[in-house]
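**Q** This is the structure I want to talk about, given as structure tokens.
The values are calculated or read from the model by the stated rules, or taken from the named source; none is laboratory data. None of the values given here were measured: they were computed from a predicted structure. Every residue, glycine among them, receives a Cβ derived from its backbone with ideal geometry; neighbour counts consider all protein chains shown. The area values use the complete protein model at the heavy-atom level, side chains included, leaving out ligands, DNA and RNA. Shrake-Rupley method; radii C 1.70, N 1.55, O 1.52, S 1.80 Å.
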Amino acid sequence: MATLLLDDGTINRDLNEIVQELAALSIHIKHYDPGTSLLFPHLLEQEVLIDSEKQHIIGLHNSVFELIQQQNGYLWCDLLNLHPGLPNLENLIATYSRYHNHNAPEALYILAGEMIFSFVKPDNGQIHLLLQSQDYIHISAGVEHWCSPTASLHCKAIRYFTTVEGWVPNYTDTQLSDSLYKPH
């Protein structure tokens, strides 16, 4: 379940409150448990997946998330499979772990593992969001953020795209606030 760390050090685990806080930033989250993970638990634990296994997982979720895909205009999706042995893992993390925005929405559904997002608020404050299995996020185009896997370096997620080129980061000059690490 999602956890939000506010810039004053407050930790919030109440999904309804998190939804309200993020909606003001044009970010939408929801916790879905479609039960599909019961159909492939061995694949969620497996580090390396072959293309047919990825397509199997995506196919199961396409039917579950068909309405969301239509409502948001998603054209295609893929399976992000982060694990410690992934070639170019450092480059992937470096690409998205700096503040940036996109000209298109960013959306993903976490199947297993965790992912951290950080967002810039209108007052230039910053907040962190920890997403875990069965959390879905839709970040509107233009929202300044960064993301990274947690220290475990494990995350399987279906990424949804509204453009052919996917999410192209437009880097900003915003620096990560150290106030997030000083709980009050």
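**Q** Is segment 94-182 rounded, prolate or oblate when judged by the Cα gyration tensor, a ≥ b ≥ c being the square roots of its eigenvalues, rounded requiring a/c under 1.5 and prolate requiring a/b larger than b/c?
**A** Since a/c reaches 1.5 but b/c is at least a/b, the shape of segment 94-182 is classed as oblate.
**Q** First select every other residue whose beta carbon is under 11 angstrom from the beta carbon of LEU129; then total the charges, Lys and Arg +1, Asp and Glu -1.
**A** Net charge in that neighbourhood comes out at -3.
**Q** Once segment 1-67 is represented by equal point scatterers at the alpha-carbon sites, with solvent omitted, what log10 I(q)/I(0) does the Debye formula produce at q = 0.18, 0.22 Å⁻¹?
**A** -0.83, -0.93
**Q** Hey, what's the chain come to in accessible area per residue, 1.4 Å probe, Å²?
**A** That works out to 50 Å² per residue.
**Q** Quick one: pull the percent of accessible area on segment 70-184 belonging to carbon and sulfur, 1.4 Å probe, ligands and nucleic acids left out. Mind showing how you got there, number by number?
**A** Values: 2730 of 5250 Å².
Carbon-and-sulfur percentage of accessible area, whole number: 52.
**Q** Tell me, what HN-Hα J-couplings in whole Hz come from the Karplus equation 6.51 cos²θ - 1.76 cosθ + 1.60 at θ = phi - 60° for each residue of segment 11-21, using x for Gly and Pro?
**A** 9, 10, 10, 7, 4, 4, 5, 5, 4, 5, 4
**Q** Something else: Normalized C-alpha radius of gyration of segment 88-133, against 2.2 N^0.38 Å?
**A** That works out to 1.29 for segment 88-133.
**Q** Here's a follow-up. Let me check something: with ligands and nucleic acids excluded, how do LEU67, LEU89 order by accessible area (1.4 Å probe), largest to smallest?
**A** LEU67, LEU89
**Q** In vacuo Debye scattering of segment 1-119, one point per C-alpha: log10 I(q)/I(0) at q = 0.13, 0.20 Å⁻¹?
**A** Treating every Cα as an identical point scatterer, log10 I(q)/I(0) equals -0.66, -1.48.
**Q** Express in % the proportion of alpha carbon pairs of segment 31-70 at distances exceeding 11 Å. It would help to have the intermediate numbers written out before the result.
**A** On the way: 526 of 780 pairs.
Summing the P(r) of segment 31-70 above 11 Å gives 67 percent of all pairs.
**Q** Oh, and also: Per the helix-only calculation at 222 nm, which mean residue ellipticity applies to the chain, given -39500 (n - 2.57) for every DSSP H run of n ≥ 4 and division by its residues, nearest 500 deg cm²/dmol?
**A** That calculation yields -6500 deg cm²/dmol at 222 nm.
**Q** Can you work out the Karplus-derived ³J(HN,Hα) for every residue in segment 83-94? Use 6.51 cos²θ - 1.76 cosθ + 1.60 with θ = phi - 60°, whole Hz, and x for glycine or proline.
**A** Calculated HN-Hα couplings, in order: 7, x, x, 5, x, 6, 4, 4, 5, 5, 5, 4 Hz.
**Q** Taking K and R as +1 and D and E as -1, what net charge do the other residues with C-beta under 15 Å from the C-beta of LEU15 add up to?
**A** Values: positive: ARG13, LYS30; negative: ASP14, GLU17, GLU21, ASP33, ASP135.
Spelling it out: positives minus negatives among the neighbours equals -3.
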